[in-house]
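The values are calculated or read from the model by the stated rules, or taken from the named source; none is laboratory data. From a predicted model like this one, the values you see are computed outputs, not experimental measurements. All Cβ positions, glycine included, derive from the backbone under ideal geometry; neighbour counts span all protein chains shown.
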Amino acid sequence: MKKAKITVLGSYNTDITVNVPHLPADGETVIGTGMAFNPGGKGSNQAVAAHRAGADVTFIAKVGCDGMEKTGFDLYEKIGMPTDNVIRDKTISTGIATIEVDNKTAQNRIVVIPGANMKITAKDVRDREDLIAGSDILLIQLETSRESIIEAVNIAKSHGVKVVLNPAPFSDVVFDIIKDVDLITPNETEAELISPHNGNFQLSATDMIGMGCKHVIVTLGKQGSYYKGGLGEFVVPAMEVKAVDTTGAGDAYNGALCTALAEGKKMRGAMEFACAFASLAVTKPGAASSMPTRKETLEFLKK
């Protein structure tokens, strides 16, 4: 089987996760039951997911030198993911995210402080043009600077590299680049923000195709994922598991999806692999640290 080569341009955050008996209401103080520091950020999570799913990953990111980045580098070293293109900058702080996780429902609430993520420049990306050009897929999200995102997409398209956009957290930069995106992967909320239709994500997907994107996958949580594009229209159902922490589930899905597509799997098969990978990821606490291995995913699919 062909080895997938994926470049991820994205964010790194250190996640400060607190577990609570329930998510607090406005003005309410809740006594937590635990706290942990974990590597996170959508870019980092998706890069780790793709690496664990079996791809050769180039991760382009920027962090500070304030000690908060150590959590990420410790994980990358542990799993053997290269860090050559994670840029360290002494003048800015590493991104952080605070995450509240409901012990009963596994639902979460997140606040992100971007820090170094918004300081990735177009030049930082241009300096790594050869790496993007040598990839099967460029995977991007929207937690880095606008100029870095636009530059990366332009480079990918000039070299015939497929672009997958996970439009999260939503930003209007989507409208600048969607015509050059091969596959966009919003959740239901993001689909509505891109093209409002009172929650009718099928109509939103149709509009995204009209904007120039070739393929759309709307992730639906427990309901699975919905595809619309040149291959028709279909739903891949979710797999039933006991969720412990849903943080990073979408990132797990995107990293695994890109790996499967870059290996040459057909769209439905790639979505099934991604669904299995993400399902396993939510059975453990944490985001990047919860990503399963390729072997575990393939065994789960057999069941």
Which of the residues belonging to segment 1-15 are more than 16 Å from VAL125 (Cβ to Cβ) and either basic (Lys, Arg) or within 18 Å of the chain's Cα centre (by Cα) (or both)? LYS2, LYS3, ALA4, LYS5, ASN13, THR14, ASP15
Per-region count, segment 112-148, residues touching a residue at least 60 places away in the same chain (Cβ under 8 Å) and among the basic types (Lys, Arg): 1
For segment 109-146, what are the residues that are over 20 Å from CYS65 (Cα atoms) and over 19 Å from the mean Cα position of the chain (by Cα)? ALA122, LYS123, ARG126, ASP127, ARG128, GLU129, ASP130, LEU131, ALA133, GLY134
Is it true that some residue in segment 45-63 is surrounded by fewer than 24 Cβ atoms within 10 Å (Cβ to Cβ) and of a type in the set (S, T, N, Q)? yes
Conditions first: (1) buried (at least 23 other Cβ atoms within 10 Å of the Cβ); (2) more than 24 Å from MET118 (Cα to Cα). PRO167 passes all but one, so which condition is the exception? (2)
Residues that are surrounded by fewer than 17 Cβ atoms within 10 Å (Cβ to Cβ) and of a type in the set (Val, Ile, Thr): does segment 249-269 have at least one? no
Does any residue of segment 197-206 turn out to be surrounded by fewer than 20 Cβ atoms within 10 Å (Cβ to Cβ) and touching a Leu at 6+ places or on another chain (Cβ under 7 Å)? yes
Based on this model, can you work out whether MET35 counts as at pLDDT below 95, assigned to a loop (DSSP other than H, G, I, E, B) and either of a type in the set (Gly, Ala, Ser) or under 29 Å from THR293 (Cβ atoms) (or both)? no
What is the number of the single condition among (1) among the hydrophobic types (A, V, I, L, M, F, W, C); (2) crowded, with 20+ Cβ neighbours inside 10 Å; (3) over 21 Å from VAL8 (Cα atoms) that ALA281 does not meet? (3)
